[in-house]
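Below: one structure, written as structure tokens.
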Amino acid sequence: DAGITQSPRYKITETGRQVTLMCHQTWSHSYMFWYRQDLGHGLRLIYYSAAADITDKGEVPDGYVVSRSKTENFPLTLESATRSQTSVYFCASSERTNTDTQYFGPGTRLTVL
Amino acid sequence: AQSVTQPDIHITVSEGASLELRCNYSYGATPYLFWYVQSPGQGLQLLLKYFSGDTLVQGIKGFEAEFKRSQSSFNLRKPSVHWSDAAEYFCAVGTGTASKLTFGTGTRLQVTL
């Protein structure tokens, strides 16, 4: 049982390049989330999805795009990466709503040069 | 909008000593409250959660937390800390009307032998 996986685990890119971070869960959870973790800010929600083809903005959505064509996948794309997007990105899933436990992936450490 | 404050950025305790990590929230109604733990290089793992009922909640790894409405607090406690408890701890609040959590900035726990 793989649970929730993220790829790549580490990524270095340059300013202006497009980057896609992948997230895959094997539980068929309805909800999926993308967070970024920065020192002094804790975790901040970027986007979330309640089901396939349903997405909504979180606290810090600017510069990011998401899609969810299949329940199990929730990719996060940085269309034109900036240095301020250097961060650790976590994907999470939960069965129904925020009242359910969120299960987190191992994270992707992204560095934008 | 809800918010979470973890006033202690860093705490050091000796192995075997008791532990209390503070969490204060801001929300008009009864919140859903969570404590997560993050070990170095890992994703977040749920320790415990409070939705309703008994205000003293038991979690995994010997942790417990008490919801105090009058103080808007949800402090995490452990009677005897083990070296393996060294990690970062996050308090989070959710509401019944939104499918997302708001996280605090975290408290880093160091355990000395």
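Miscellaneous remarks
- Residues that are crowded, with 19+ Cβ neighbours inside 10 Å and either over 16 Å from B:LEU19 (Cα atoms) or aliphatic (A, V, I, L, M) (or both), drawn from segment B:49-76: B:LYS49, B:TYR50, B:VAL57, B:ALA65, B:PHE67, B:LEU76
- Qualifying residue in segment A:30-51 (condition: in contact (Cβ under 8 Å) with a residue 24 or more places away in the chain, open to solvent by 60 Å² or more (accessible area, probe 1.4 Å), more than 9 Å from chain B (Cβ to nearest Cβ) and not β-branched (Val, Ile, Thr)): no
- B:TYR27 meets the conditions (1) touching a Gly at 6+ places or on another chain (Cβ under 6 Å); (2) among the aromatic types (Phe, Trp, Tyr); (3) open to solvent by 20 Å² or more (accessible area, probe 1.4 Å) in every case but one. The failed one is (1).
- Selection status of A:ILE12, more than 21 Å from B:TRP35 (Cβ to Cβ), out of contact with any strand residue (DSSP E or B) (no Cβ under 6 Å at 6 or more places or on another chain) and exposed (fewer than 14 other Cβ atoms within 10 Å of the Cβ): no
- Here the condition is being away from chain A (no Cβ under 13 Å), in contact with a helix residue (DSSP H, G or I) (Cβ under 9 Å, 6 or more places away or on another chain) and closer than 28 Å to A:CYS91 by Cβ; of B:SER84, B:SER26, B:SER80, B:SER39, it holds for B:SER84 alone.
- Across segment A:15-41, the number of residues qualifying as under 18 Å from B:GLN38 (Cβ atoms) and of a type outside the set (Asp, Glu) comes to 9.
- Of all residues making up segment B:3-22, the number that are within 14 Å of another protein chain (Cβ to nearest Cβ), loosely packed, with under 14 Cβ neighbours inside 10 Å and polar (S, T, N, Q): 1
The values are calculated or read from the model by the stated rules, or taken from the named source; none is laboratory data. Here the structure is a predicted model, which is why all the values come from computation and not from measurement. Reconstructed Cβ throughout: ideal geometry from the backbone, glycine too, with neighbour counts over all protein chains shown. Note: areas computed on protein heavy atoms with side chains; ligands, DNA, RNA excluded. Shrake-Rupley method; radii C 1.70, N 1.55, O 1.52, S 1.80 Å.
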